[in-house]
Each structure stands twice: as structure tokens, then as C-alpha cells.
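The values are calculated or read from the model by the stated rules, or taken from the named source; none is laboratory data. From a predicted model like this one, the values you see are computed outputs, not experimental measurements. Every residue, glycine among them, receives a Cβ derived from its backbone with ideal geometry; neighbour counts consider all protein chains shown.
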Amino acid sequence: MVDQRTVTIPVDDVRLDGELVVPDGAAGLVVFAHGSGSSRLSPRNNFVAEVLRARGLGTLLFDLLTEVEDRRRETRFDIDLLTERLLEATAWLRGREGTAGMRLGYFGASTGAAAALRAAGAQGDDIGAVVSRGGRVDLASERLSAARPRPCSSSAAPTRRC
């Protein structure tokens, strides 16, 4: 069975729309950070999300910006804002029954990759992995050293790669 729902994540004075899908027994959850001009509806990111879910991972695809904010170029490249939104969405997941204790990873695209790296650095060892697809990691270079994954333990699931 799969828990699939449309969600609204409250952040400051806006609400961010998303799609949360958690298969039964999910080994972890991947949070997608979309970049400039993209959204939770991106066909490429939805394809990746489908593949991840087929392999037992949950996914959260959500918009870092509202539709109005996404129309402004300066907002699309406001990496501090994007990072803060990703951190708020992560806190929201940590506060929800069913996702609170899950191992998390970030999947960033374009400017979302910079936000993912910055957010992972701010979270310490709470984020297990960061993946960038066509990302603007150059926009997070000053914080790359702070993003450190947790080491794998010998009790890691056999299907998990370290």
C-alpha cells in the first residue's frame, strides 16, 4: 500500500503545494528541491520520483516558490530564500506522523541543488544524501564543506549503498 496525498506546507506567510508519496515500509524519503522555472510537475523529476518509489523510497515533490514568486527572476535566484523554504519543508516533515523519523535525502535541480547543499549543511548529519541534477552547485560553494553525510553502519539494510 502507498500513502499518497497532495499537501500544503505552510512557510511564513505563504503555502507551498506538494505531492507526498510514501510506500509502506519506505527505507527513507527524498525531498525534491526544484530550481529556477521548474515545479513539482517537472516530468524529469516525476520520472526520477517514480523510479525511487519503485525501489522503496518515499518522495516529496513540492514547489519552493509560489506561482507569483516564480515569475520574478530575482526570486528564482534567491538561494537564501530557497534554502529557508527547503529547511521549513524538512521541519514540516519532521513534525508529521509517518515521516518524523524517516531518513531524508535531498534531490536538487538547477538552483534547487544549491539550496539542497546549503540546507544539508545547515542540518548537520540529519540529511543522508544530496543528489544534484543539472544543478547550480556553484551557488553553494561557500557552504559545501558543511554538508556531511552520516557514515554507514554495519547494520545498514543490504539494499542501501554507502
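Of the conditions (1) at negative phi; (2) not in a strand (DSSP E or B), Leu61 satisfies every one except a single condition; which number is it?
(2)
Which pairs turn up if I take residues in segment 40-51 that are at pLDDT 90 or above and look for partners that are among the hydrophobic types (A, V, I, L, M, F, W, C) with beta carbon separation below 7 Å, at least 6 apart in sequence or on another chain?
Partner pairs satisfying both residue conditions: Ala49/Phe32; Ala49/Leu61.
Any chance segment 101-121 includes a residue that's closer than 19 Å to Asp12 by Cβ and free of Cβ contacts under 8 Å to residues at least 60 places away in the same chain?
Checked segment 101-121: at least one residue is closer than 19 Å to Asp12 by Cβ and free of Cβ contacts under 8 Å to residues at least 60 places away in the same chain.
Of the conditions (1) crowded, with 22+ Cβ neighbours inside 10 Å; (2) more than 19 Å from Val130 (Cα to Cα), Phe62 fails just one. Which one is it?
(2)
Those residues that are more than 10 Å from the chain's Cα centre (by Cα) and at pLDDT 90 or above, I need them from segment 99-117; list them, please.
If the condition is that a residue be more than 10 Å from the chain's Cα centre (by Cα) and at pLDDT 90 or above, then Thr99, Ala100, Gly101, Met102, Arg103 are the ones that fit.
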